[in-house]
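Data first, discussion second: the structure below is written as structure tokens.
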Amino acid sequence: MAGKVKWVTDIEKSVLINNFEKRGWIQVTENEDWNFYWMSVQTIRNVFSVETGYRLSDDQIVNHFPNHYELTRKDLMVKNIKRYRKELEKEGSPLAEKDENGKYLYLDFVPVTYMLPADYNLFVEEFRKSPSSTWIMKPCGKAQGKGIFLINKLSQIKKWSRDSKTSSFVTQSTKEAYVISLYINNPLLIGGRKFDLRLYVLVSTYRPLRCYMYKLGFCRFCTVKYTPSTSELDNMFVHLTNVAIQKHGEDYNHIHGGKWTVSNLRLYLESTRGKEVTSKLFDEIHWIIVQSLKAVAPVMNNDKHCFECYGYDIIIDDKLKPWLIEVNASPSLTSSTANDRILKYNLINDTLNIAVPNGEIPDCKWNKSPPKEVLGNYEILWVIRTLFPSEVGSVIPAPRCCVYDEELAQGDGADRELRSRQGQSQGPKGGRSRDSGRTVLTTWK
């Protein structure tokens with residue numbers, strides 16, 4: 001299509017605007033004709049609202065899926081992952097296999113979690129099994145560490161309930177929903193400090209699933225050395241890695257922002273723990289991300305006008321087991337350091353190269369499949385492509401079929417882990433391999 005892309009944003013960040021201007025795109029207002037709208041999650045609600053929304057045309061795309069909250073709201077993410085496990089169990093999939101203690105062998109990647117106030121009785125039952133355990137409470141709809149606190153006594157929950165001006169866990173209408181999760185009290189420490197990983201994942205479509213991992217994620221460190229001591233449960237500089245909290249600490253370093261690159265973490269782990277276990281760790285992280293996306297894919301409104309860049313938060317424990325903590329729909333584009341600014345500028349640049357091929361006016365009817373050379377620092381994590389009409393029948397006699405293309409998904413180890421489990425993940429509905437296992441056929445629900 002001829003003409004320049006017309007863009008709008010309600011997020012005034014230089015890493016966005018500089019990328020739009022670099023491409024020669026034209027800024028317009030939301031009331032004018034636009035092709036590309038990078039919007040907040042509040043605005044996306046209005047765009048797709050039954051009352052205030054409007055129909056998008058084929059030359060318009062936006063940066064959120066309509067019901068992204070199925071993944072990015074803490075309670076719904078857990079609910080969808082639990083449902084996904086149950087469905088795999090029902091299908092008899094080896095992927096849902098459990099050990100002798102009833103724990104999932106392959107799908108145990110989210111800490112034990114309950115919704116409050118709805119699951120209060122279930123939580124109490126679990127708490128009493130391990131009364132010395134620590135739990136972390138988070139409001140379902142907030143970010144940047146707001147409203148989070150740790151507890152290790154049931155009386156603290158009751159106090160929270162009273163402070164929230166509600167007399168009963170049954171009456172929920174006036175109460176903000178929280179999730180309460182078993183706290184990972186044995187985090188991997190570097191220099192005595194707790195950290196988490198912020199990884200960026202781009203999804204261009206959920207059905208079929210096509211997702212990309214950004215190679216340049218980073219670690220966020222706490223400014224105070226970690227201690228599991230109950231006397232420090234209230235010290236968020238010990239327990240929460242969010243920059244929005246840590247930047248107020250006395251020991252916060254404004255030059256490096258308490259951050260490490262993922263590549264530095266990898267080098268550190270290879271030198272201290274060995275290459276093999278480090279590769280296994282990163283394979284497992286990739287596995288977690290793909291499974292979380294597959295868990296929400298059936299309920300996600302896969303609107304053709306949408307793509308989304310998620311911020312995944314992962315914590316690694318001292319046994320090098322990764323845990324999915326949460327997924328953010330609007331990962332911060334604020335730059336805390338010079339390196340941070342470069343990373344986020346390049347992140348947006350590479351995201352736009354995939355979401356808006358060649359920087360041209362979008363055409364939602366075109367099945368976007370960008371060539372490898374435009375991926376930049378993204379690597380394909382998982383892709384299932386629809387068979388071309390000429391392939392259907394000649395390959396397998398199924399009218400609705402997709403292909404998991406391993407030649408496309410050749411990331412740093414992600415494909416090795418996916419290959420080892422791909423055969424299991426299909427369950428009884430699963431496909432079959434052909435061409436010596438180079439391509440796996442699968443039907444997509």
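The values are calculated or read from the model by the stated rules, or taken from the named source; none is laboratory data. These figures come from a predicted structure and were not determined experimentally. FYI the Cβ positions are ideal-geometry reconstructions off the backbone, even for glycines, and counts take in every protein chain you see. Protein only, heavy atoms only, side chains kept; ligands, DNA and RNA dropped before computing areas. Shrake-Rupley method; radii C 1.70, N 1.55, O 1.52, S 1.80 Å.
Where Lys and Arg each count +1 and Asp and Glu each count -1, what net charge lies around residue 188 among other residues with Cβ under 11 Å from its Cβ?
In short, +2.
What order do 321, 79, 259 take when sorted by accessible area (1.4 Å probe), most exposed first?
79, 321, 259
Please turn the phi angles of region 196-207 into ³J(HN,Hα) values with the Karplus equation 6.51 cos²θ - 1.76 cosθ + 1.60 (θ = phi - 60°), one per residue in order, whole Hz, x for glycine and proline.
Ordered by residue, 3J(HN,Hα) equals 10, 9, 10, 10, 9, 10, 9, 10, 9, 7, 9, 9 Hz.
Would you please classify the overall shape of region 25-129 from the alpha carbon gyration tensor, given that a ≥ b ≥ c denote the square roots of the eigenvalues, rounded means a/c under 1.5, and beyond that prolate means a/b larger than b/c while oblate covers the rest?
Since a/c reaches 1.5 and a/b is larger than b/c, the shape of region 25-129 is classed as prolate.
Output the relative contact order of region 14-155, whole-number percent, from Cα pairs under 8 angstrom with separation of 6+ residues.
Reported as a whole number, the value is 12 percent.
Pairs to check: 90/321; 153/225; 79/294; 194/259. Give those whose C-alpha atoms are more than 22 Å from each other in this structure.
Listed pairs above 22 Å: 90/321; 153/225.
Grab the Cα-Cα distance for residue 261 and residue 225, subtract it from 0.36 nm times how many residues apart they are, and report the gain in nm with one decimal.
Difference between extended and current length: 11.0 nm.
Let me check against my output: what whole-number percent is the relative contact order of region 292-342, with C-alpha pairs under 8 Å and at least 6 apart?
26 percent
Once the Cβ-Cβ distance between residue 207 and residue 155 is put in as r, and R0 is 41 Å, what FRET efficiency do you end up with, to the nearest 0.05?
0.30
Cα gyration tensor of region 262-348, axes a ≥ b ≥ c as square roots of the eigenvalues: rounded (a/c below 1.5), prolate (a/b > b/c) or oblate?
Here region 262-348 falls in the oblate category.
Report the gain in length on full extension from residue 46 to residue 358: 0.36 nm times residue separation, minus Cα-Cα distance, nm rounded to one decimal.
Full-extension gain reported as 109.4 nm.
Under 12 Å from the Cβ of residue 265, count the other residues' Cβ atoms, weight Lys and Arg +1, Asp and Glu -1, and hand me the total.
Taking every other residue near residue 265 into account, the sum is +3.
Long-range amide H contacts for residue 140: which residues qualify at under 5 Å (H placed 1.01 Å from N, peptide plane, sequence gap of 5 or more or a different chain)?
HN-HN under 5 Å from residue 140: 177, 178, 179.
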